[in-house]
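Asks: Okay, handing you the structure first.
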Amino acid sequence: MTNDDVPIGRRVARWRVRRSMTQQMLADRLRRSKSWVDKVERGVRALDRYSVIQELADVLRVDPEVLLGQQRSIPAGPPDGVDDIRAALARYDTPQAPEQTDELRRQVGYAWLGYQHAHYGQLARVLPGLLDAVQGAQTPELLVQAYRITSSLLVKLGEADLGWLAADRAMSAAGDDPILAATAAISVAQALRASNRDRLALTAALTAANRITPAPAHSRDHEVDGPFEDRIGRQPHDHRGGCGVAPQRSAREWAVGGTLLLQAALAAAGCGESRRADELIDRAAGIAAGLRGYDDMHHTSFGPIAAKLARVVVAAQRGDAGEALQRHSTLVRREAWRRLPAEYRGAYLVDVARAYLQMGDVRGAARALVDADSVAPAEVRCRPLARTVIADVARGHPAPAGVARLANLVGLTR
(Lines give C-alpha, C1' and ligand atoms only; values in the text may rest on other atoms or scores of the structure.)
Protein backbone atom coordinates (compact mmCIF):
# COMPACT_ATOMS: atom_id res chain seq x y z
CA MET A 1 0.00 0.00 0.00
CA THR A 2 1.39 3.37 -1.03
CA ASN A 3 1.28 6.43 1.16
CA ASP A 4 -1.58 7.83 -0.94
CA ASP A 5 -3.64 4.68 -0.22
CA VAL A 6 -3.35 4.99 3.58
CA PRO A 7 -6.48 6.54 5.14
CA ILE A 8 -5.87 9.98 6.61
CA GLY A 9 -6.97 8.81 10.05
CA ARG A 10 -4.25 6.19 10.10
CA ARG A 11 -1.67 8.79 9.13
CA VAL A 12 -2.87 10.97 12.03
CA ALA A 13 -2.44 8.02 14.39
CA ARG A 14 1.06 7.25 13.09
CA TRP A 15 2.26 10.81 13.54
CA ARG A 16 0.63 11.03 16.98
CA VAL A 17 2.60 7.96 18.06
CA ARG A 18 5.81 9.37 16.51
CA ARG A 19 5.30 12.51 18.58
CA SER A 20 4.88 10.36 21.72
CA MET A 21 1.36 11.63 22.28
CA THR A 22 -1.67 9.79 23.62
CA GLN A 23 -5.10 10.33 22.13
CA GLN A 24 -6.00 12.40 25.19
CA MET A 25 -2.93 14.60 24.80
CA LEU A 26 -3.74 15.25 21.13
CA ALA A 27 -7.37 15.95 22.02
CA ASP A 28 -6.35 18.44 24.72
CA ARG A 29 -4.09 20.38 22.34
CA LEU A 30 -6.85 20.50 19.73
CA ARG A 31 -9.43 21.44 22.38
CA ARG A 32 -11.52 18.46 21.32
CA SER A 33 -12.62 15.25 22.98
CA LYS A 34 -10.67 12.02 23.08
CA SER A 35 -13.68 10.37 21.40
CA TRP A 36 -13.32 12.77 18.46
CA VAL A 37 -9.64 11.84 18.02
CA ASP A 38 -10.46 8.14 18.28
CA LYS A 39 -13.16 8.40 15.61
CA VAL A 40 -10.84 10.32 13.29
CA GLU A 41 -8.09 7.72 13.61
CA ARG A 42 -10.51 4.85 13.01
CA GLY A 43 -12.02 6.57 9.98
CA VAL A 44 -15.46 6.84 11.57
CA ARG A 45 -15.31 10.63 11.40
CA ALA A 46 -14.30 12.16 8.06
CA LEU A 47 -11.73 14.92 7.85
CA ASP A 48 -13.26 16.92 5.01
CA ARG A 49 -12.26 20.45 6.01
CA TYR A 50 -8.82 21.74 5.21
CA SER A 51 -8.82 24.08 8.22
CA VAL A 52 -9.18 21.10 10.58
CA ILE A 53 -6.45 19.16 8.76
CA GLN A 54 -4.20 22.22 9.03
CA GLU A 55 -4.90 22.44 12.77
CA LEU A 56 -4.03 18.77 13.20
CA ALA A 57 -0.85 19.22 11.14
CA ASP A 58 0.23 22.17 13.30
CA VAL A 59 -0.15 20.16 16.50
CA LEU A 60 1.63 17.13 15.01
CA ARG A 61 4.35 19.40 13.54
CA VAL A 62 3.99 18.12 9.98
CA ASP A 63 2.95 19.68 6.71
CA PRO A 64 -0.77 19.30 5.83
CA GLU A 65 0.23 17.55 2.61
CA VAL A 66 1.89 14.82 4.70
CA LEU A 67 -1.41 14.04 6.42
CA LEU A 68 -3.19 14.14 3.07
CA GLY A 69 -0.64 11.72 1.63
CA GLN A 70 0.15 13.94 -1.32
CA GLN A 71 3.52 14.10 -3.04
CA ARG A 72 5.16 17.50 -3.15
CA SER A 73 7.54 16.76 -6.00
CA ILE A 74 5.45 18.60 -8.61
CA PRO A 75 5.92 22.36 -8.24
CA ALA A 76 2.97 24.67 -8.73
CA GLY A 77 2.72 27.30 -11.43
CA PRO A 78 3.98 27.33 -15.01
CA PRO A 79 7.39 25.68 -15.28
CA ASP A 80 10.47 27.63 -16.26
CA GLY A 81 11.55 27.23 -19.86
CA VAL A 82 8.87 28.98 -21.93
CA ASP A 83 11.24 31.86 -22.71
CA ASP A 84 13.88 29.36 -23.83
CA ILE A 85 11.33 27.64 -26.09
CA ARG A 86 10.38 31.02 -27.53
CA ALA A 87 14.05 31.76 -28.20
CA ALA A 88 14.48 28.38 -29.93
CA LEU A 89 11.48 29.09 -32.16
CA ALA A 90 12.97 32.50 -32.97
CA ARG A 91 16.26 31.03 -34.21
CA TYR A 92 16.39 30.73 -37.98
CA ASP A 93 20.03 29.74 -38.37
CA THR A 94 20.60 26.02 -38.92
CA PRO A 95 23.20 24.29 -36.70
CA GLN A 96 26.16 22.99 -38.69
CA ALA A 97 26.54 19.57 -37.06
CA PRO A 98 23.15 17.88 -36.59
CA GLU A 99 22.92 14.74 -34.51
CA GLN A 100 22.34 11.31 -36.02
CA THR A 101 18.74 10.74 -37.08
CA ASP A 102 18.38 7.59 -34.95
CA GLU A 103 19.47 9.46 -31.84
CA LEU A 104 17.11 12.33 -32.63
CA ARG A 105 14.26 9.89 -33.13
CA ARG A 106 14.99 8.44 -29.70
CA GLN A 107 14.97 11.92 -28.15
CA VAL A 108 11.67 12.80 -29.84
CA GLY A 109 10.17 9.57 -28.54
CA TYR A 110 11.38 10.43 -25.06
CA ALA A 111 9.79 13.88 -25.36
CA TRP A 112 6.46 12.31 -26.35
CA LEU A 113 6.61 10.08 -23.27
CA GLY A 114 7.29 13.11 -21.12
CA TYR A 115 4.26 14.86 -22.56
CA GLN A 116 1.94 11.88 -22.22
CA HIS A 117 3.00 11.44 -18.59
CA ALA A 118 2.45 15.18 -17.97
CA HIS A 119 6.09 15.84 -17.03
CA TYR A 120 5.75 19.40 -18.22
CA GLY A 121 8.59 20.94 -16.24
CA GLN A 122 11.08 18.38 -17.51
CA LEU A 123 9.76 18.73 -21.05
CA ALA A 124 10.07 22.52 -20.99
CA ARG A 125 13.77 22.11 -20.16
CA VAL A 126 14.37 19.55 -22.92
CA LEU A 127 12.50 21.14 -25.82
CA PRO A 128 14.80 24.10 -26.65
CA GLY A 129 17.75 21.79 -27.31
CA LEU A 130 15.55 19.30 -29.16
CA LEU A 131 14.17 22.04 -31.41
CA ASP A 132 17.70 23.16 -32.26
CA ALA A 133 18.67 19.59 -33.09
CA VAL A 134 15.72 18.77 -35.34
CA GLN A 135 16.01 22.10 -37.12
CA GLY A 136 19.57 21.13 -37.94
CA ALA A 137 18.62 17.63 -39.11
CA GLN A 138 15.86 18.94 -41.42
CA THR A 139 14.01 15.61 -41.35
CA PRO A 140 10.31 16.37 -41.99
CA GLU A 141 8.97 13.60 -39.75
CA LEU A 142 11.08 14.65 -36.77
CA LEU A 143 10.45 18.35 -37.37
CA VAL A 144 6.69 17.81 -37.38
CA GLN A 145 6.78 15.71 -34.23
CA ALA A 146 9.01 18.13 -32.33
CA TYR A 147 6.88 21.12 -33.29
CA ARG A 148 3.71 19.22 -32.36
CA ILE A 149 5.05 18.40 -28.90
CA THR A 150 6.12 22.01 -28.48
CA SER A 151 2.73 23.32 -29.56
CA SER A 152 0.86 20.93 -27.25
CA LEU A 153 2.98 21.93 -24.25
CA LEU A 154 2.64 25.65 -24.93
CA VAL A 155 -1.15 25.32 -25.18
CA LYS A 156 -1.16 23.57 -21.82
CA LEU A 157 0.85 26.39 -20.29
CA GLY A 158 -1.50 29.10 -21.53
CA GLU A 159 0.71 30.23 -24.43
CA ALA A 160 -1.83 29.52 -27.15
CA ASP A 161 -0.53 32.03 -29.71
CA LEU A 162 3.01 30.72 -29.36
CA GLY A 163 1.56 27.22 -29.59
CA TRP A 164 -0.13 28.19 -32.85
CA LEU A 165 3.24 29.36 -34.19
CA ALA A 166 4.81 25.98 -33.37
CA ALA A 167 1.84 24.17 -34.96
CA ASP A 168 2.16 26.30 -38.09
CA ARG A 169 5.85 25.38 -38.23
CA ALA A 170 4.81 21.72 -38.07
CA MET A 171 2.43 22.27 -40.98
CA SER A 172 5.17 23.92 -43.04
CA ALA A 173 7.63 21.13 -42.24
CA ALA A 174 5.10 18.51 -43.38
CA GLY A 175 5.38 19.73 -46.97
CA ASP A 176 3.45 17.58 -49.41
CA ASP A 177 3.14 14.58 -47.11
CA PRO A 178 -0.63 14.28 -46.46
CA ILE A 179 -0.32 12.28 -43.25
CA LEU A 180 2.33 14.51 -41.70
CA ALA A 181 0.20 17.51 -42.66
CA ALA A 182 -2.84 15.89 -41.04
CA THR A 183 -0.95 15.26 -37.78
CA ALA A 184 0.24 18.87 -37.81
CA ALA A 185 -3.35 20.01 -38.32
CA ILE A 186 -4.28 18.36 -35.01
CA SER A 187 -1.96 20.79 -33.26
CA VAL A 188 -3.21 23.71 -35.35
CA ALA A 189 -6.80 22.98 -34.29
CA GLN A 190 -5.83 22.59 -30.63
CA ALA A 191 -3.96 25.89 -30.61
CA LEU A 192 -6.76 27.75 -32.38
CA ARG A 193 -9.36 26.36 -29.96
CA ALA A 194 -7.21 27.42 -27.02
CA SER A 195 -7.09 30.92 -28.55
CA ASN A 196 -10.92 30.98 -28.69
CA ARG A 197 -10.82 30.83 -32.48
CA ASP A 198 -13.20 27.90 -32.76
CA ARG A 199 -14.48 28.74 -36.25
CA LEU A 200 -10.94 28.71 -37.64
CA ALA A 201 -10.20 25.50 -35.74
CA LEU A 202 -13.32 23.85 -37.17
CA THR A 203 -12.35 24.72 -40.75
CA ALA A 204 -8.72 23.62 -40.27
CA ALA A 205 -9.63 20.29 -38.67
CA LEU A 206 -12.37 19.41 -41.16
CA THR A 207 -10.29 20.31 -44.17
CA ALA A 208 -7.44 18.10 -42.95
CA ALA A 209 -9.75 15.26 -41.86
CA ASN A 210 -11.42 14.97 -45.22
CA ARG A 211 -8.19 14.74 -47.11
CA ILE A 212 -7.62 11.36 -45.51
CA THR A 213 -11.13 10.29 -44.37
CA PRO A 214 -13.65 11.63 -46.92
CA ALA A 215 -17.24 12.09 -45.80
CA PRO A 216 -20.40 11.24 -47.79
CA ALA A 217 -22.34 13.58 -50.04
CA HIS A 218 -25.24 14.11 -47.64
CA SER A 219 -23.11 15.58 -44.87
CA ARG A 220 -23.89 19.15 -43.89
CA ASP A 221 -20.12 19.63 -43.86
CA HIS A 222 -19.78 19.18 -47.61
CA GLU A 223 -19.06 22.86 -48.10
CA VAL A 224 -15.90 22.39 -46.08
CA ASP A 225 -15.04 18.76 -46.27
CA GLY A 226 -17.03 16.84 -48.84
CA PRO A 227 -19.04 13.62 -48.41
CA PHE A 228 -20.09 11.75 -45.10
CA GLU A 229 -22.41 8.92 -44.30
CA ASP A 230 -21.50 5.84 -46.37
CA ARG A 231 -18.14 5.56 -44.63
CA ILE A 232 -19.39 5.77 -41.02
CA GLY A 233 -20.21 2.10 -40.87
CA ARG A 234 -17.29 0.97 -43.01
CA GLN A 235 -14.26 -0.58 -41.40
CA PRO A 236 -11.18 1.65 -41.60
CA HIS A 237 -9.31 -1.24 -43.18
CA ASP A 238 -11.96 -1.58 -45.92
CA HIS A 239 -10.16 -0.10 -48.92
CA ARG A 240 -12.71 -0.47 -51.70
CA GLY A 241 -12.00 1.83 -54.59
CA GLY A 242 -14.39 4.10 -56.44
CA CYS A 243 -15.05 7.72 -57.10
CA GLY A 244 -14.36 9.98 -54.13
CA VAL A 245 -12.96 7.18 -51.97
CA ALA A 246 -9.69 7.77 -50.15
CA PRO A 247 -6.63 5.75 -51.12
CA GLN A 248 -5.65 2.82 -48.96
CA ARG A 249 -4.88 3.94 -45.42
CA SER A 250 -3.37 2.17 -42.47
CA ALA A 251 -5.17 2.01 -39.13
CA ARG A 252 -2.80 4.58 -37.67
CA GLU A 253 -3.71 6.99 -40.48
CA TRP A 254 -7.42 6.46 -39.91
CA ALA A 255 -6.73 7.26 -36.27
CA VAL A 256 -5.28 10.61 -37.33
CA GLY A 257 -8.45 11.31 -39.33
CA GLY A 258 -10.62 10.32 -36.40
CA THR A 259 -8.68 12.58 -34.06
CA LEU A 260 -9.15 15.49 -36.45
CA LEU A 261 -12.89 14.83 -36.48
CA LEU A 262 -12.97 14.96 -32.68
CA GLN A 263 -11.05 18.25 -32.76
CA ALA A 264 -13.59 19.53 -35.28
CA ALA A 265 -16.44 18.39 -33.03
CA LEU A 266 -15.03 20.25 -30.03
CA ALA A 267 -14.56 23.35 -32.19
CA ALA A 268 -18.14 23.06 -33.49
CA ALA A 269 -19.40 22.87 -29.91
CA GLY A 270 -17.35 25.98 -29.15
CA CYS A 271 -19.17 27.72 -32.03
CA GLY A 272 -22.52 26.73 -30.53
CA GLU A 273 -23.18 24.11 -33.24
CA SER A 274 -24.08 21.18 -31.00
CA ARG A 275 -25.82 19.10 -33.65
CA ARG A 276 -22.87 19.38 -35.98
CA ALA A 277 -20.55 18.42 -33.12
CA ASP A 278 -22.63 15.28 -32.48
CA GLU A 279 -22.51 14.35 -36.18
CA LEU A 280 -18.76 14.72 -36.28
CA ILE A 281 -18.36 12.55 -33.17
CA ASP A 282 -20.65 9.95 -34.79
CA ARG A 283 -18.36 9.95 -37.78
CA ALA A 284 -15.27 9.58 -35.60
CA ALA A 285 -16.94 6.81 -33.59
CA GLY A 286 -17.61 4.91 -36.81
CA ILE A 287 -13.91 5.02 -37.60
CA ALA A 288 -12.96 4.03 -34.05
CA ALA A 289 -15.31 1.04 -34.12
CA GLY A 290 -13.35 -0.43 -37.01
CA LEU A 291 -9.92 -0.12 -35.44
CA ARG A 292 -8.53 -3.39 -34.14
CA GLY A 293 -5.36 -2.20 -32.48
CA TYR A 294 -2.50 -0.28 -34.05
CA ASP A 295 0.83 1.20 -33.11
CA ASP A 296 0.06 4.78 -32.18
CA MET A 297 3.11 6.24 -33.90
CA HIS A 298 1.28 9.53 -34.49
CA HIS A 299 0.44 9.85 -30.78
CA THR A 300 -3.29 10.43 -31.14
CA SER A 301 -4.62 8.11 -28.36
CA PHE A 302 -7.61 7.66 -30.67
CA GLY A 303 -10.18 4.92 -30.20
CA PRO A 304 -13.76 4.29 -29.06
CA ILE A 305 -13.06 5.69 -25.58
CA ALA A 306 -11.76 8.96 -27.08
CA ALA A 307 -15.02 9.43 -28.98
CA LYS A 308 -17.05 8.71 -25.86
CA LEU A 309 -15.05 11.19 -23.78
CA ALA A 310 -15.54 13.80 -26.50
CA ARG A 311 -19.31 13.33 -26.13
CA VAL A 312 -18.99 14.19 -22.44
CA VAL A 313 -17.03 17.37 -23.14
CA VAL A 314 -19.39 18.45 -25.94
CA ALA A 315 -22.45 17.87 -23.74
CA ALA A 316 -20.89 20.03 -21.03
CA GLN A 317 -20.00 22.74 -23.57
CA ARG A 318 -23.60 23.01 -24.73
CA GLY A 319 -24.73 23.37 -21.10
CA ASP A 320 -26.11 19.84 -20.62
CA ALA A 321 -23.96 19.00 -17.62
CA GLY A 322 -26.42 16.36 -16.40
CA GLU A 323 -26.01 14.28 -19.53
CA ALA A 324 -22.24 14.86 -19.48
CA LEU A 325 -21.86 13.59 -15.92
CA GLN A 326 -24.13 10.62 -16.50
CA ARG A 327 -21.94 9.53 -19.39
CA HIS A 328 -18.79 10.27 -17.38
CA SER A 329 -19.77 8.04 -14.46
CA THR A 330 -19.83 4.95 -16.67
CA LEU A 331 -16.76 5.73 -18.78
CA VAL A 332 -14.22 6.05 -15.97
CA ARG A 333 -14.97 2.51 -14.82
CA ARG A 334 -13.79 1.02 -18.11
CA GLU A 335 -10.41 -0.54 -18.71
CA ALA A 336 -9.95 1.59 -21.82
CA TRP A 337 -10.04 4.69 -19.62
CA ARG A 338 -7.15 3.44 -17.52
CA ARG A 339 -5.08 2.78 -20.62
CA LEU A 340 -5.21 6.40 -21.78
CA PRO A 341 -2.12 8.55 -21.15
CA ALA A 342 -2.02 10.41 -17.84
CA GLU A 343 -2.08 13.77 -19.66
CA TYR A 344 -5.27 12.82 -21.51
CA ARG A 345 -7.06 11.66 -18.37
CA GLY A 346 -5.93 14.64 -16.30
CA ALA A 347 -7.10 17.18 -18.89
CA TYR A 348 -10.44 15.41 -19.25
CA LEU A 349 -11.01 15.39 -15.47
CA VAL A 350 -10.47 19.15 -15.34
CA ASP A 351 -13.24 19.46 -17.96
CA VAL A 352 -15.43 17.20 -15.82
CA ALA A 353 -14.81 19.45 -12.80
CA ARG A 354 -16.22 22.32 -14.85
CA ALA A 355 -19.30 20.22 -15.64
CA TYR A 356 -19.84 19.58 -11.92
CA LEU A 357 -19.62 23.33 -11.32
CA GLN A 358 -22.35 23.85 -13.92
CA MET A 359 -24.53 21.60 -11.78
CA GLY A 360 -23.61 23.50 -8.62
CA ASP A 361 -21.94 20.36 -7.25
CA VAL A 362 -18.82 21.79 -5.59
CA ARG A 363 -17.85 18.51 -3.95
CA GLY A 364 -18.14 16.65 -7.25
CA ALA A 365 -15.91 19.25 -8.86
CA ALA A 366 -13.45 18.89 -5.99
CA ARG A 367 -13.33 15.11 -6.42
CA ALA A 368 -12.63 15.50 -10.13
CA LEU A 369 -9.79 17.96 -9.48
CA VAL A 370 -8.24 15.79 -6.78
CA ASP A 371 -8.49 12.77 -9.10
CA ALA A 372 -6.83 14.78 -11.87
CA ASP A 373 -4.06 15.79 -9.48
CA SER A 374 -3.45 12.17 -8.53
CA VAL A 375 -3.32 11.09 -12.20
CA ALA A 376 -1.31 14.01 -13.63
CA PRO A 377 -0.28 16.59 -11.00
CA ALA A 378 1.24 19.01 -13.51
CA GLU A 379 -2.03 19.05 -15.44
CA VAL A 380 -3.67 20.65 -12.41
CA ARG A 381 -0.80 22.62 -10.90
CA CYS A 382 0.78 24.09 -14.04
CA ARG A 383 -2.19 24.96 -16.26
CA PRO A 384 -3.84 28.40 -16.00
CA LEU A 385 -7.17 26.79 -16.98
CA ALA A 386 -6.98 24.41 -14.03
CA ARG A 387 -6.11 27.30 -11.69
CA THR A 388 -9.34 29.01 -12.71
CA VAL A 389 -11.38 25.90 -11.92
CA ILE A 390 -9.58 25.44 -8.59
CA ALA A 391 -10.36 29.05 -7.69
CA ASP A 392 -14.04 28.57 -8.52
CA VAL A 393 -14.28 25.42 -6.40
CA ALA A 394 -12.26 26.89 -3.53
CA ARG A 395 -14.82 29.66 -3.12
CA GLY A 396 -17.14 27.11 -1.54
CA HIS A 397 -17.71 27.52 2.18
CA PRO A 398 -16.15 25.53 3.57
CA ALA A 399 -13.89 24.60 0.67
CA PRO A 400 -13.41 20.84 0.25
CA ALA A 401 -10.13 19.82 1.85
CA GLY A 402 -8.45 18.51 -1.28
CA VAL A 403 -9.19 21.62 -3.29
CA ALA A 404 -8.21 23.95 -0.46
CA ARG A 405 -4.86 22.16 -0.46
CA LEU A 406 -4.53 22.61 -4.23
CA ALA A 407 -5.47 26.28 -3.89
CA ASN A 408 -2.67 26.73 -1.38
CA LEU A 409 -0.23 24.85 -3.60
CA VAL A 410 -0.88 27.02 -6.65
CA GLY A 411 -0.81 30.24 -4.62
CA LEU A 412 -4.52 31.05 -4.69
CA THR A 413 -6.03 32.76 -1.67
CA ARG A 414 -9.59 32.38 -0.52
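Asks: Take the alpha carbon gyration tensor of the range 25-64, find the square roots of its eigenvalues, order them as a ≥ b ≥ c, and report rounded if a/c is under 1.5; if not, report prolate when a/b exceeds b/c, else oblate.
Replies: Note, shape of the range 25-64 comes out oblate.
Asks: Please compute the alpha carbon radius of gyration of the chain, then divide it by the globular-protein estimate 2.2 N^0.38 Å. Two decimals is fine.
Replies: Working: Rg = 24.1 Å, N = 414, 2.2 N^0.38 = 21.7 Å.
My calculation over the Cα atoms of the chain gives 1.11.
Asks: At what distance in angstrom do the alpha carbon centres of the range 292-327 and the range 246-279 lie from each other?
Replies: Between the Cα centres of the range 292-327 and the range 246-279 lies a distance of 11 Å.
Asks: Could you tell me what percent of the accessible area of the chain is made up of carbon and sulfur, with a 1.4 Å probe and every protein chain present? Each step should come with its number before you reach the end.
Replies: Numbers: 9130 of 18800 Å².
Accessible surface attributable to carbon and sulfur in the chain totals 49 percent.
Asks: Taking the solvent-accessible surface of protein heavy atoms with a 1.4 Å probe, what is the per residue accessible area of the chain in Å²?
Replies: Accessible surface, normalised per residue, equals 45 Å².
Asks: Over what distance in Å are the Cα centres of the range 149-211 and the range 357-414 separated?
Replies: Their Cα centres are 29 Å away from one another.
Asks: Which value at 222 nm does the chain reach when only helices count, each DSSP H run of 4 or more adding -39,500 (n - 2.57), with the total divided by all residues and rounded to the nearest 500 deg cm²/dmol?
Replies: -21000 deg cm²/dmol
Asks: Let me ask something additional. Using the Cα centre of the chain as origin and beta-carbon charges of +1 (Lys, Arg) and -1 (Asp, Glu), tell me which of V256, L280, A353 is placed farthest towards the positive end of the dipole.
Replies: Value: A353.
Asks: Here's a follow-up. Relative contact order for the chain: what is it in percent, counting Cα pairs under 8 Å that are at least 6 residues apart?
Replies: 13 percent
Asks: Which of rounded, prolate or oblate describes the range 123-205 when judged by the alpha-carbon gyration tensor and an a/c cut-off of 1.5?
Replies: In terms of gyration-tensor shape, oblate.
Asks: If you fit an axis through the alpha-carbon atoms of helix 178-194 and take the longest principal axis of the Cα set of the chain, what angle between them do you get, 0 to 90°, nearest 10?
Replies: So the inclination is approximately 40 degrees.
Asks: Any lysines with Cα under 29 Å of the K308 Cα? List them, leaving off those in the same chain fewer than 8 positions away.
Replies: Leaving aside lysines fewer than 8 places away in the same chain, those within reach of K308 are K156.
Asks: Averaging sequence separations of C-alpha pairs under 8 Å and six or more residues apart, then dividing by the length of the range 169-209, give the relative contact order as a whole percent.
Replies: 34 percent.
The values are calculated or read from the model by the stated rules, or taken from the named source; none is laboratory data. Owing to the predicted nature of the structure, the values given are computational and were not obtained by experimental measurement. Neighbour counts run over all protein chains shown; Cβ positions are idealised from the backbone, glycine included. Ligands, DNA and RNA are stripped out before the accessible areas are found, and what is left, the full protein with its side chains, is counted by its heavy atoms. Shrake-Rupley method; radii C 1.70, N 1.55, O 1.52, S 1.80 Å.
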